[in-house]
1. Pop the C-beta distance of Leu322 and Arg359 into the FRET formula with R0 = 22 Å and round what comes out to the nearest 0.05.
2. In nanometres, what is the gap between the two model label sites at Gln336 and Asp149, each 7 Å from Cα along Cα-to-Cβ?
3. If each of Glu329 and Asp219 carries a label point 7 Å out from its Cα toward its Cβ, how far apart are those two points in nm?
4. Where both residues lie in the chain, what percent of DSSP beta bridges are antiparallel, nearest 5?
5. Could you tell me the calculated FRET efficiency between Lys88 and Glu63, based on Cβ-Cβ distance and R0 = 22 angstrom, to the nearest 0.05?
6. Indicate the gyration tensor shape class of region 279-420 (rounded, prolate or oblate), computed on the Cα atoms with a ≥ b ≥ c the square roots of the eigenvalues: a/c under 1.5 is rounded; otherwise a/b larger than b/c is prolate and the rest oblate.
7. What number comes out for the charge environment of Phe332, summing +1 per Lys or Arg and -1 per Asp or Glu over other residues with Cβ under 13 Å away?
8. The chain: D in µm²/s via Stokes-Einstein (Kirkwood Rh, Cα pairs, 25 °C, 0.890 mPa s)?
Amino acid sequence: MDSFLIQGGVPLRGVISISGSKNAALPIIMASIAVDDEVTYTNVPDLRDIHTTIRLLNILGREVGLEQGTVRVKNGVLGMEAPYDLVKTMRASVLCLGPLLARLGEAKVSLPGGCAIGARPVDQHLSALEKMGAVFDLENGYIHGRCPDGLRGAQIRFDFPTVGGTENVLMAACLAKGETVLENVAREPEIVDLANFLIRCGARIEGQGTTMIRVQGVDRLHGCTYAIMPDRIEAGTFLVAAGVTGGELLLKNCPVEDMSAVVDKLRDAGMVIEETEEGVLARAGEGGLRCVDVSTRPHPGFPTDMQAQFMVLMCCAQGSGLVEENIFENRFMHVQELVRMGADIHVTGSSAMVRGGRRLTGAPVMASDLRAGAALVLAGLAAEGETRVQRIYHVDRGYEHLADKLSAVGARIRRVKEED
Ligand code: UD1
């Protein structure tokens, strides 16, 4: 198991190019299950979760090639089972359920368990697919879905906006008979990217990016070449890195139009963020950083995937502020680790009161999930002395070549074996 060893206190300066989005790439590559011909994806990030998705497609009988950001999925025989060993390492594996049912009329997917950040059930995915004619049984930890007569269009209203639920059902609806109307759907930019991909393959979808999506089913989807959108969470993480180290970063391919809530909060907190011809330029303003309150919400609200990183910025800022987590019930695992680095944070239920103005000091800390790991790296970059972030396999799931990208802008960070 590897760790990051970080010598903090160096202002980061230079240019970082933002990679393809993990959360867009996963469903979009999974959507190849619903497509008849070969599909080519570009701007695919080199991440552990992408390798897991490719393994899943291999198990389902697809031949997949991966070379420098390009993934080619060949047409091939489809299996219908996503095994436990794979699903337990990546909950997003459940996204194969919708396209498999649509394509084969049957799917067997291991039920994802809980994870560090919460219970994360898939009841909304299942009840929507049931409305489209699927029948589910739970057998030996597997969800076994069947729809021998194919899926049919339906009127579906989600109880609340779920990103994965919207994606799973959207993929299924493309090949269902007739019209499907999805209401109260998630509006995340990654869902818009998925819809755009499916449209490129011949799907008939309207309303992506709004609360209602309308899909007219088609008989088949054809292949295409598609570039994955850039990663707004990776970009947001680097904006915070510029702020907490007192440096200046220029982010290329930064999807700033999809990042309003994060950019607005960072500006409120005293960062200067400018859109230039070359990219997005970010630094802490003359007056320094100050705490602001932040509350996570479905898009276009402040993303839960930026909560931990933003909390680090508040630890380094003046004043105090409240961080409210409204999406996941257990997403403050980074707090105790930040406290070990000198942060002053008190958690009550789903709120954390952060008192800023403390100098963080390096310490050995442990990543509990992907974004918590990213937050600890940011804290290590801002802290005095040495920080060792352990269990960085979580970070590898979602940040492409993080240590290399940070080193290139001056960070003293290296990857070491845990026993080093
Ligand atoms: C996706 C993202 C994740 C992000 C999250 C919220 C991917 C691969 N992952 O996760 O990075 O943090 O959106 O922006 O894109 N829920 C239910 N029943 C369901 C479905 C969801 O109760 O059937 C609950 C979940 O437990 C959670 C909330 O709804 O509390 C939001 O989950 P959801 O939007 O579905 O997130 P994911 O798709 O799992």
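1. Details: r = 22 Å, r/R0 = 1.00.
With R0 = 22 Å, the Cβ-Cβ based efficiency is 0.50.
2. The modelled label-to-label distance comes out at 5.3 nm.
3. 4.8 nm
4. Details: 56 of 79 bridges.
Antiparallel bridges: around 70 percent, rounded to the nearest 5.
5. Details: r = 25 Å, r/R0 = 1.12.
Approximately 0.35, to the nearest 0.05.
6. Details: a/c = 1.39, a/b = 1.28, b/c = 1.08.
Taking the square roots of the gyration eigenvalues as a ≥ b ≥ c, region 279-420 is rounded.
7. Values: positive: Arg331, Arg371; negative: Glu324, Glu325, Glu329, Glu337, Asp369.
Around Phe332, the charge tally is -3.
8. On the way: Rh = 21.9 Å.
The estimated diffusion coefficient comes to 112 µm²/s.
The values are calculated or read from the model by the stated rules, or taken from the named source; none is laboratory data. All values reported here derive from a predicted model rather than from experimental measurement. Here Cβ is always computed from backbone atoms with ideal geometry, including for glycine, and neighbour counts include all displayed protein chains. Just the protein is used for accessible areas: all its heavy atoms, side chains included, with ligands, DNA and RNA removed. Shrake-Rupley method; radii C 1.70, N 1.55, O 1.52, S 1.80 Å.
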